[in-house]
Amino acid sequence: MGMPVRIDSELYDQAKSHANAERRTIAGQIEFWALIGKAALDNPDLPIDFVRDLLIAKAEGKSLATPFVAQGKR
């Protein structure tokens, strides 16, 4: 269930701009940023770009995944 939250107008404008570029709603963009921030705080040893890409890949689902094929000795 959604909850109304007050945010700074500058943050709202930034979210609106990024949301349009990334095809998300403004609320969805802010939620995405919050998830990245939470995941980064929970995993401080991981680079933020890795955390972001991991969340994007997870949201895309398995249908777009490329199967892993191990290479090495056979």
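Table for the structure above
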read-out: Filter result for Ala59 (within 24 Å of Gln14 (Cβ to Cβ), among the hydrophobic types (A, V, I, L, M, F, W, C), assigned to a helix (DSSP H, G or I) and modelled with pLDDT of 90 or more); value: no
read-out: Residues within the range 1-17 that are of a type in the set (A, V, I, L, M) and surrounded by 14 or more Cβ atoms within 10 Å (Cβ to Cβ), tallied; value: 1
read-out: Residue count, the range 23-46 (criterion: outside any helix (DSSP H, G or I) and in contact with a helix residue (DSSP H, G or I) (Cβ under 9 Å, 6 or more places away or on another chain)); value: 4
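The rows are residues; the columns are (1) of a type in the set (A, V, I, L, M, F, W, C); (2) without any contact (Cβ under 8 Å) to a residue 40 or more places away in the chain; (3) surrounded by fewer than 12 Cβ atoms within 10 Å (Cβ to Cβ).
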residue	(1), (2), (3)
Ala19	yes, yes, no
Arg24	no, yes, no
Gln29	no, yes, no
Ala34	yes, yes, yes
Pro47	no, yes, yes
Lys58	no, yes, yes
Phe68	yes, yes, yes
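The values are calculated or read from the model by the stated rules, or taken from the named source; none is laboratory data. Keep in mind that this is a model prediction, so the values were computed, not measured. Glycine gets a Cβ as well: all are built from the backbone with ideal geometry, and neighbour counts include every protein chain shown.
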